[in-house]
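Notes to accompany the following structure.
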Amino acid sequence: MANQNLLDKTEGLVSNPKRLLALLIILAVIAVVFYFSWSKIKALFNSISTKIALDSDISKEIDNGNPPSYNDAKYKEFANRLYTAMKGAGTDKTTIKDVFEQMINITDVLKLVQAFGVRDGENLQQWLDGEVHWWKPGDIKKEINKTLTKKGIFYKF
């Protein structure tokens with residue numbers, strides 16, 4: 001009986017062109033809103049999961065005797081420099097290298113990643129992944145990882 005009642009309602013909707021058109025417009029609007037919001041939803045989840053993991057890793061490293069070398073404002077400054085160096089056309093490779101040369105221990109790298117956060121829907125790893133297209137594949141990440149490894153920092157980008 002309940003199924004028959006639902007069927008009657010949908011038949012009435014389909015048989016009335018104005019109602020059908022209104023339903024299709026509503027569904028199209030919902031689809032468009034969802035489509036344009038998906039990147040923001042994805043970025044929010046990415047940001048939350050990254051923050052939780054980084055907070056835990058930073059705490060572990062500090063407990064293991066690797067305190068941060070700088071205050072939070074300095075990491076934010078480093079992050080802003082990286083963002084500016086990678087944003088838009090062209091990449092300031094020298095600035096990127098300079099920032100990573102100033103990292104002293106693993107906690108510094110983690111705090112830098114944390115300070116960078118998610119910008120334009122991508123975290124620092126994703127931004128660096130995007131930069132490899134401008135040079136030989138993996139060039140900038142190889143240089144960053146080499147710089148960090150020489151300091152005994154085994155974080156890999």
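Annotations
- Of all residue pairs spaced 6 or more apart or on separate chains, those with beta-carbon atoms under 7 Å, a first member in the stretch 46-67 that is in contact (Cβ under 8 Å) with a residue 12 or more places away in the chain and a second member that is part of a loop (DSSP other than H, G, I, E, B) and surrounded by 11 or more Cβ atoms within 10 Å (Cβ to Cβ) are 46/118; 46/123; 47/117; 47/118; 50/118; 50/123; 66/105.
- Some residue of the stretch 93-107 being closer than 23 Å to residue 39 by Cβ, surrounded by fewer than 16 Cβ atoms within 10 Å (Cβ to Cβ), touching a residue at least 12 places away in the same chain (Cβ under 8 Å) and not aromatic (Phe, Trp, Tyr): no
- Within the stretch 58-90, tally of residues that are within 26 Å of residue 131 (Cβ to Cβ) and surrounded by fewer than 17 Cβ atoms within 10 Å (Cβ to Cβ): 13
- Residue match in the stretch 79-92 (condition: among the hydrophobic types (A, V, I, L, M, F, W, C), within 23 Å of the chain's Cα centre (by Cα), part of a loop (DSSP other than H, G, I, E, B) and modelled with pLDDT under 90): yes
- Pair list, Cβ < 8 Å and 6+ apart or interchain, from the stretch 119-131 residues that are touching a residue at least 40 places away in the same chain (Cβ under 8 Å) and surrounded by 13 or more Cβ atoms within 10 Å (Cβ to Cβ) to residues that are in a loop (DSSP other than H, G, I, E, B) and not aromatic (Phe, Trp, Tyr): 123/117; 131/91
- You will find that of 43, 31, 73, the residue that is among the small types (Gly, Ala, Ser), part of a helix (DSSP H, G or I) and closer than 14 Å to residue 112 by Cα is 73 and no other.
The values are calculated or read from the model by the stated rules, or taken from the named source; none is laboratory data. These numbers come from a predicted model, not from an experiment. Ideal geometry is used to build each Cβ from the backbone, glycine not excepted, and the neighbour counts take in all protein chains shown.
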